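Undergrad: Could you have a look at this structure, given as structure tokens, before my questions?
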Amino acid sequence: MLDYQAPSQLLKDKVILVTGAGDGIGKAAAITYAKHGATIILLGRTTKKLEAVYDYIEKQHYPQAAIVPLNLDGAAEHDYIELANTIESEFGHLDGILHNASLLGDRAPIATYDPTLFEQVMRVNVTSQLMLNQALLPLLQKAENASIIFTTSGVGRKAKANWGAYAVSKFATEAMMQLFSSELAELSPSIRTNAINPGATRTNMRANAYPDEDPNTLPTADDIMPIYLYLMGKDSLAVNGQSLDAQ
């Protein structure tokens, strides 16, 4: 999958929601999916960044995107229901979700970790994903086949000192992916659920986590897109419940 060559119209007529679409990996994925024919719903908390991605997609003459400004930290159940209603009225179905938005939190010992920040990280990285899936599941079930992709991390498989709430949230993400994949296999076999570990990538979050690291030594978000295309497209229809590495 790391050298996967996607057909140019792999995602033609697909409707895909990308969270954290204004920057980093989310921005790269949104543009890459649009380039391959998808209509992208850009979800993020900073409207200006979403508008920049929207404008780029427009200039490239890719399918027209949609913008959904939403702060996952403060979103309530009615916000997710409203999002689902909007998608249903505008598009009628949903073919994929890329759960990309995440908070790093503090790089600090768990024994002294700020409980308020811990709850915030878990809200954005875990609870929002649950609520999004619950609200959007009926729309995913209307698609011929649909893909849910979670974003995991190496510290979500083996915790490392001082990764705090982020590591806990990514362990929870792995569990949520496994639960959805096994349960939907019975309920809605047309929906597959997997996770991607991007690895060390040249993003703002990585720079915050490793301030002394030279970002030029890392692959860009665009460099790791093959696996994002693979899991969202038809060539991965038989792949379910897998946690895969992007590099």
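The values are calculated or read from the model by the stated rules, or taken from the named source; none is laboratory data. Remember, it's a predicted structure, so these values are computed and weren't measured experimentally. FYI the Cβ positions are ideal-geometry reconstructions off the backbone, even for glycines, and counts take in every protein chain you see. Each accessible area value is taken on the protein alone, full model and side chains, heavy atoms only, with ligands, DNA and RNA left out. Shrake-Rupley method; radii C 1.70, N 1.55, O 1.52, S 1.80 Å.
Undergrad: Sorted by mean Cβ packing within 10 Å, highest first, what order do the peptides 20-31, 107-118, 50-61 take?
TA: Put in order of decreasing packing, that is 20-31, 50-61, 107-118.
Undergrad: Treating the angle as unsigned and between 0 and 90°, give the value, to the nearest 10°, between the Cα long axis of helix 24-35 and the longest Cα principal axis of the chain.
TA: For helix 24-35, the angle is close to 10 degrees.
Undergrad: Right, something else. Using a/c under 1.5 as the rounded threshold, could you call the stretch 138-239 rounded, prolate or oblate? The axes a ≥ b ≥ c are square roots of the C-alpha gyration tensor eigenvalues, and prolate needs a/b larger than b/c, oblate otherwise. Please report the intermediate quantities before stating the final value.
TA: Values: a/c = 3.27, a/b = 1.66, b/c = 1.97.
Judged from the Cα gyration tensor, the stretch 138-239 comes out oblate (a/c at least 1.5, b/c at or above a/b).
Undergrad: Between the helical axis of 47-59 and the dominant principal axis of the chain, each derived from Cα atoms, what acute angle in degrees is found, rounded to the nearest 10?
TA: Value to nearest ten degrees: 40.
Undergrad: Quick check for you: with a 1.4 Å probe and neighbouring chains kept, what is the accessible area per residue of the stretch 84-238, in Å²?
TA: Details: 6940 Å² over 155 residues.
Computed with neighbouring chains in place, this is 45 Å² per residue.
Undergrad: Assuming a viscosity of 1.306 mPa s and a temperature of 10 °C, what translational diffusion coefficient in µm² per second does Stokes-Einstein assign to the stretch 10-71, Rh being the Kirkwood radius over Cα pairs?
TA: Estimated via Stokes-Einstein, D reaches 147 µm²/s.
Undergrad: Further question on the same structure: Write down the accessible area per residue of the stretch 22-62 in Å², having rolled a 1.4 Å probe over the full set of protein chains.
TA: 46
Undergrad: Ok, one more. Where the eigenvalues come from the Cα gyration tensor of the stretch 197-247, what are the semi-axes √(5λ) of the equivalent ellipsoid, largest first, in whole Å?
TA: Semi-axes from the Cα gyration tensor: 27, 11, 7 Å.
Undergrad: Running a GNM on the chain with Cα contacts under 10 Å, which residue among Ser188, Ser128, Ser147 ends up with the highest mean-square fluctuation?
TA: Ser188
Undergrad: Once you put a point 7 Å from the Cα of Lys12 and another 7 Å from the Cα of Gln64, both along the Cβ direction, what distance in nm separates them?
TA: 2.1
Undergrad: When the chain is fully extended, how far beyond the present Cα-Cα distance does Lys160 get from Gln178, taking 0.36 nm per residue of separation?
TA: Details: separation 18, 0.36 × 18 = 6.48 nm, distance 2.19 nm.
Gain on stretching Lys160 to Gln178: 4.3 nm.
Undergrad: Still on this structure, I have one more. Evaluate 2.2 N^0.38 Å with N set to the residue count of the stretch 100-145, then give the Cα radius of gyration divided by it.
TA: The reported ratio for this selection is 1.59.
Undergrad: Okay, next question. With charges set only on the Cβ (+1 for Lys and Arg, -1 for Asp and Glu), what does the dipole of the chain come to about its Cα centre, in debye to the nearest 20?
TA: 300
Undergrad: Further question: Count the net charge of all other residues whose Cβ sits under 15 Å from the Cβ of Ser128, scoring Lys and Arg as +1 and Asp and Glu as -1.
TA: -2
Undergrad: Can you compute the helix-only [θ] at 222 nm over the chain? Use -39500 (n - 2.57) per DSSP H run of at least 4 residues, normalise by all residues, nearest 500 deg cm²/dmol.
TA: Helix contribution divided over all residues of the chain: -12500 deg cm²/dmol.
Undergrad: Quick check: at a probe of 1.4 Å, how many percent of the accessible area of the stretch 84-140 sits on carbon and sulfur atoms? Write down the numbers at each step before the final one.
TA: Values: 1370 of 2490 Å².
The nonpolar share, carbon plus sulfur, comes to 55 percent.
Undergrad: In addition: Compute the long axis of helix 164-187 from its Cα atoms, compare it with the longest principal axis of the Cα atoms of the chain, and write down the angle in degrees, 0 to 90, nearest 10.
TA: 30
Undergrad: Shifting gears a bit: Can you give the three extents of the C-alpha atoms in the chain along their principal axes, from longest to shortest, in whole Å?
TA: Each principal axis gives a Cα extent; for the chain these are 48, 38, 35 Å.
Undergrad: If you don't mind, there's one more thing I want to ask. When the accessible area of the stretch 141-247 is split by element with a 1.4 Å probe, what percent falls to carbon and sulfur?
TA: 51
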